[in-house]
Amino acid sequence: MHYGTLFLTMCGIVGYTGKQQAKPILLEGLKRLEYRGYDSAGLALSSPSPTIQNFVIQRNAGPVQGLIDASTKIGLSETTGIAHTRWATHGVPNETNAHPHRAGNIVLVHNGIIENYAQIKEKLQHIGVQFSSQTDTEVFAQLIEFHRVQILKSDTTLNEEDAVLRALKKAMSEVDGHYAILFMALTIPGKLFGVQNGAPLVASKLKDGCLIASDIQAIIPYHNEVCFLPKGEILIVDENHFETRNLKTDKVSVPKIERMDWTADKVEKNGFETFMLKEIFQQPLVVADTLSGRLPSDESGAFIWDHFKAHEVLWKNAKRLYLVACGTSYHAAMTAKYFFEKWARIDCQVDIASEFRYRHPVFETGTVVGVISQSGETADTLAALALANQAGVSTFSICNVPSSTISRESGFHYPTMAGPEIGVASTKAFTAQLTILCALALDVGRLRGNDDLASFQALARLPHDIDRILKQSETFIQIGAKLKDQKIILFVGRGTMYPIALEGALKMKELTYIPSEGFAAGELKHGPIAYIDPNVTIVTLAPRDECYAKTISNLEEIRARGGHIVAIGTEGDEEIKKISHEFIGLPASAWGTMPILSVIPLQLLAYGCAKALGRNIDKPRNLAKSVTVE
Ligand code: F6R
């Protein structure tokens, strides 16, 4: 396992070869993958006729729609093609740096980073290879092409395909990095070649051809049987063939097919104005799905986990827990710290994954490392997991994509059942993470002799309570819209409400671009209170929990300085209603479930504010869904 700098780009790849017109399939796939990156896009198309004239390439700066508009007149008959939507790492997002990149006979798209690209580029330039872009991707294409030409020169009996495969292997042996590439060789019409080294590539055999993508979202509308290309195998497909070839042994195999239970309607908007709104409204179902089959079915009160014995051994021996994640998933980890310490009485430390790797964590007998990730591909989280695995301690993941690297490489996997999350700002994945973490910590608490019946009962009621909250969604959206001219928005809470305040601030800043900060309410007077004046909004989380009285005191301090207060509390709480300008009442719930309920109005406040500002809600600027770059 590699612990150095993990650099992966977050782009989307699609390829098709078969009997149908390739362009519409590729563009449709790119639209579905656009959440991975949207600063430039391109496609290359060819026909199964061995003339280079039958080849066309189109690249554009800007989102996929620009490519769709620019390509109306091309690709009307071509049946093979590759396409790409980019999140720039090397080279500005312009047309020249957009993929596909062509080097002679090779036309290639790439997701990932070639770490030693500068050295390879220099070597190739030294021997006369001309580059047209600033990307590391072009280096890969040029390297394969360079070797292909050399190999054919030294063995004129070789056929084109064998030469390309040998060139690919040689190039891969020289390239350092984590990547997936898909390419065509113009002299081998109708064929596509793909390899992955740490970034996913998924393929599916359709009735009339083959579809390949960096993510199943682009495949699911066509077929639910897919193959996740393993490392060390080359995918080789054309209209009739669907095979892999081992990089070392050359052994040809039929790819292992897995059936996915994600259906096409799960990746459509289904009448909602945005994916994010659809995902917010899916939360009752997602929480129910995540709990389905897990709630105790007998007197023992034991939750039901896959590989139950291993689960029991893991937690019986646990002495110290590290929870590691990034962004929203990190906020889930922070919330879970309160759960594990209160119920399970396990010393729990929470780390941002990019920090964990560099702070020399102490691993000893009884240490358990849990990583939390929606995508299962986040580079920093993956590196933290690798570090723990190498140290030989027990690891587990809470992850939404069972086929992802994080799910596969963790010792134990507790799946969240949020289904595909397309909106770049995470919503349903977060509530699913909190749900499973709450269930897990309750269960570990039970194993260690601590029960919290109220939280347990409230957990089973969660889908119903979330549903009730969503009935007020219009009100929350309107309150959010009123915040659109704020210069800064603050979010405060105590206890489990502190990480939820951080999550509220994260949702607000990423969707609206308004500076938003979250604080532990008790910290206000140690500095942030300097922000408060009548033009500043403070969203305060104050459910009737053990911190209630203290939070009310903090609210009074804010009120005394004229701050505009939006309070989120328990339904019917007249006291807090009196001292706030806007009050959002949530159903009374238990300590363990209140954070899950409290985040829902925060998602909708951010949504309403972003909508009033006319922001691109599903694709906020500069962000990408799957952050596979360090
Ligand atoms: C924010 C958001 C990000 C992700 C973070 C980790 O709305 O979505 O902060 O939570 O990039 O991603 P995963 O959970 O895929 O590891």
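The values are calculated or read from the model by the stated rules, or taken from the named source; none is laboratory data. Computed from a predicted model, the values in this text were never measured in an experiment. Virtual Cβ from ideal backbone geometry, glycine too; neighbours counted across all protein chains shown. Side chains are part of the model used for accessible areas, which takes the heavy atoms of the whole protein and leaves out ligands, DNA and RNA. Shrake-Rupley method; radii C 1.70, N 1.55, O 1.52, S 1.80 Å.
Examine region 485-505 for a residue that is of a type in the set (Lys, Arg), away from the ligand (no atom under 15 Å from the Cβ), farther than 30 Å from ALA302 by Cβ and in contact (Cβ under 8 Å) with a residue 40 or more places away in the chain, and state whether such a residue exists. I'd like the intermediate steps shown before the answer.
Kept after step one, since they are of a type in the set (Lys, Arg), are these residues of region 485-505: 487, 494.
Remaining after also requiring away from the ligand (no atom under 15 Å from the Cβ): 487, 494.
Filter again for farther than 30 Å from ALA302 by Cβ, leaving 487, 494.
Within this subset, residues satisfying the condition of being in contact (Cβ under 8 Å) with a residue 40 or more places away in the chain are 487, 494.
Within region 485-505 (the criterion being of a type in the set (Lys, Arg), away from the ligand (no atom under 15 Å from the Cβ), farther than 30 Å from ALA302 by Cβ and in contact (Cβ under 8 Å) with a residue 40 or more places away in the chain), the answer is yes, since at least one residue qualifies.
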Quick one: SER300 ticks every box in (1) open to solvent by less than 10 Å² (accessible area, probe 1.4 Å); (2) more than 28 Å from the chain's Cα centre (by Cα) bar one, so which box is it?
(1)
Region 603-621 residues that are of a type in the set (Val, Ile, Thr), paired with ones that are in a loop (DSSP other than H, G, I, E, B) and open to solvent by 10 Å² or more (accessible area, probe 1.4 Å) (beta carbon under 9 Å, 6 or more apart):
ILE617/GLU273; ILE617/THR274; ILE617/VAL424
Within region 275-291, does at least one residue satisfy the condition of being touching a residue at least 40 places away in the same chain (Cβ under 8 Å) and loosely packed, with under 15 Cβ neighbours inside 10 Å?
no
Could you tell me which residue of region 1-57 is modelled with the highest pLDDT, considering only residues that are closer than 18 Å to ILE106 by Cα and open to solvent by 70 Å² or more (accessible area, probe 1.4 Å)?
PRO48
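Could you check region 561-584 and list, in sequence order, the residues that are open to solvent by less than 10 Å² (accessible area, probe 1.4 Å) and small (Gly, Ala, Ser)?
In the first step, residues of region 561-584 are kept if they are open to solvent by less than 10 Å² (accessible area, probe 1.4 Å); the result is 563, 565-569, 573, 576, 584.
Those that are open to solvent by less than 10 Å² (accessible area, probe 1.4 Å) and small (Gly, Ala, Ser): GLY563, ALA567, GLY569.
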For region 506-522, give me each residue that is more than 11 Å from the ligand (Cβ to nearest atom), in a helix (DSSP H, G or I) and surrounded by fewer than 24 Cβ atoms within 10 Å (Cβ to Cβ).
GLY522
Conditions (1) open to solvent by less than 30 Å² (accessible area, probe 1.4 Å); (2) closer than 18 Å to ILE181 by Cα; number of the one not met by LYS231:
(1)
Among (1) at pLDDT 90 or above; (2) under 23 Å from ILE212 (Cβ atoms), there is one condition ALA88 misses while meeting the rest; what is its number?
(1)
Could you pull out every one of the strands (runs of 3 or more DSSP E) wholly within region 346-463 that has 1 or more residues that are out of contact with any Ser or Thr (no Cβ under 8 Å at 6 or more places or on another chain)?
347-352
The number of residues in region 335-356 that are in contact (Cβ under 8 Å) with a residue 60 or more places away in the chain, surrounded by fewer than 23 Cβ atoms within 10 Å (Cβ to Cβ) and within 16 Å of the ligand (Cβ to nearest atom) is 1
Being touching a Lys or Arg at 6+ places or on another chain (Cβ under 9 Å), surrounded by fewer than 17 Cβ atoms within 10 Å (Cβ to Cβ) and over 21 Å from LEU597 (Cβ atoms) is the filter here; which residues of region 523-560 pass it?
ASP533, PRO534, ASN535, GLU557
Unique match (being within 30 Å of GLU546 (Cα to Cα), within 15 Å of the ligand (Cβ to nearest atom) and open to solvent by 10 Å² or more (accessible area, probe 1.4 Å)) among THR427, THR328, THR405
THR328
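Quick check on LEU321: is it more than 16 Å from the ligand (Cβ to nearest atom), within 30 Å of THR365 (Cα to Cα) and in contact (Cβ under 8 Å) with a residue 40 or more places away in the chain?
Yes: the conditions hold for LEU321.
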Among the helices (runs of 4 or more DSSP H) contained in region 525-630, which hold 3 or more residues that are in contact with a helix residue (DSSP H, G or I) (Cβ under 7 Å, 6 or more places away or on another chain) and within 30 Å of GLU268 (Cα to Cα)?
594-612
Cβ-Cβ under 9 Å, sequence separation 6+ or interchain: first residue in region 370-393 and at positive phi and modelled with pLDDT of 95 or more, partner more than 7 Å from the ligand (Cβ to nearest atom) and open to solvent by 10 Å² or more (accessible area, probe 1.4 Å). Which pairs?
GLY392/PHE363
Among residues of region 118-142 being touching a helix residue (DSSP H, G or I) at 6+ places or on another chain (Cβ under 6 Å) and touching a residue at least 40 places away in the same chain (Cβ under 8 Å), the residue nearest to ILE188 (Cα to Cα) is ASP136
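Quick one: in region 357-380, which of the residues that are among the hydroxyl-bearing types (Ser, Thr, Tyr) and more than 25 Å from the chain's Cα centre (by Cα) is nearest to the ligand (Cβ to nearest atom)? I'd like the intermediate steps shown before the answer.
As a first pass, look at region 357-380 and keep what is among the hydroxyl-bearing types (Ser, Thr, Tyr): 358, 365, 367, 373, 375, 378.
Of the ones still in play, those that are also more than 25 Å from the chain's Cα centre (by Cα) are 365, 367.
On the way: THR365: 28, THR367: 21 Å.
The residue in question is THR367.
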